[in-house]
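Novice: Structure incoming, see below.
Just so you know, all these numbers are worked out from the coordinates, no wet-lab data involved. If you're wondering where the values come from, they're calculated on a predicted model, not measured in any experiment. Don't worry about glycine lacking a Cβ; one is built from the backbone with ideal geometry, like all the others, and counts go over all protein chains shown.
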Amino acid sequence: MERTKAIEAFLAEVERRALKIAELGLGNTDDALDAVQEAMMKLVSRYAARPPPEWAPLFYRILENRITDGLRRRNVRGRFFAWPGGARDGEDDDEDPLARFPDREALQPEAQLLAREAVDRVQDALAKLPRRQQQAVLLRAWEGLDVAATAAAMNCSEGSVKTHYFRALQSLKAVLEDLPP
Amino acid sequence: MTIDERELTARLSRVLDDEATARPDAVAERLRRARRAALAGPPPRAAWSGLRFVPAAVCATAIAGFVLFAELPQGPAQPPALFEDELLSAAAAAPELIADLEFYEWLEADGFHGG
């Protein structure tokens with residue numbers, strides 16, 4: 001029972017960040033939600049008995065595998081079912097584009113605009129990073145994993161993590177420096 | 001002006017945190033449902049769920065059997081072998097070897113008592 005509560009608390013804590021990471025990897029919210037749900041299920045069904053400090057690297061490793069699978073499936077689908085000039089994956093004619101944006105009514109219009117601009121700039125910069133650099137910077141800088149846990153999540157050496165992380169920060173520096181402190 | 005790594009990551013985290021927490025209610029609800037579903041575990045499998053592949057297996061076997069059965073009598077006639085006898089085939093390839101073999105066969109049959 002204690003273990004169930006602990007893993008629920010863990011999932012509740014990471015789910016929003018995990019969703020953002022999956023969105024950055026997959027490019028749309030629906031696929032990202034599916035990937036996060038699958039990662040949650042696998043973590044609970046297979047690794048709940050592991051020590052709690054191992055949950056984060058295991059969870060992000062599962063999530064990363066789901067993202068890679070999703071991208072691979074999309075590539076295959078795109079290769080066989082591509083329509084010239086067709087809609088991008090995840091785009092739906094019936095979908096209200098405004099529904100994608102978070103509710104920021106509480107903010108003043110000017111602050112709202114600046115916040116939106118900052119988010120867009122950071123997301124664009126992150127989206128332009130190579131996948132491994134993106135992973136390294138999100139897990140290290142945002143999720144707060146240490147180098148060893150990040151290496152476990154990324155299934156690579158600690159040296160590779162440091163290299164990817166350093167390069168990612170160098171690329172993001174220009175964008176982040178302009179943000180208000 | 002350059003900023004250090006800590007400041008860079010702090011700015012990055014702040015922007016991403018803002019974005020991650022300000023989700024539409026529908027997305028937050030889907031995350032909650034996903035978490036509950038994960039904690040509830042997979043739905044129990046029905047007792048007969050192991051038999052769900054049986055119809056497909058029967059169909060596949062029937063199709064394979066039909067194809068094999070239909071293929072056997074109607075298969076194209078095999079071209080006549082050029083050399084039906086391996087010895088003839090070998091003779092065509094190396095006549096000296098065959099001559100030597102015939103000599104040793106004769107020698108053995110003769111019983112080595114000639115000389």
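Novice: If the reach is capped at under 26 angstrom between alpha carbons, list the lysines near A:Lys162, excluding any in the same chain fewer than eight residues apart.
Specialist: A:Lys20, A:Lys128, A:Lys173
Novice: Per residue of B:22-32, how many C-beta atoms from partner chains lie within 10 Å of its own C-beta, taken as a mean?
Specialist: Values: counts 9, 6, 7, 1, 2, 10, 3, 0, 8, 10, 3.
Neighbouring Cβ atoms belonging to other protein chains average 5 per residue here.
Novice: Among A:131-141, A:65-75, B:7-17, A:151-161, how do they line up from the highest to the lowest mean number of other beta-carbon atoms within 10 Å?
Specialist: Working: A:131-141: 23.3, A:65-75: 15.5, B:7-17: 18.7, A:151-161: 17.2.
Per-residue Cβ counts within 10 Å, averaged per peptide and sorted highest first, yield A:131-141, B:7-17, A:151-161, A:65-75.
Novice: How do B:Tyr104, A:Tyr60, A:Tyr47, A:Tyr165 line up, fewest other C-beta atoms within 10 Å first? Show your work: numbers first, answer last.
Specialist: Numbers: B:Tyr104 10, A:Tyr60 26, A:Tyr47 16, A:Tyr165 23.
Arranged by neighbour count, lowest to highest, B:Tyr104, A:Tyr60, A:Tyr47, A:Tyr165 become B:Tyr104, A:Tyr47, A:Tyr165, A:Tyr60.
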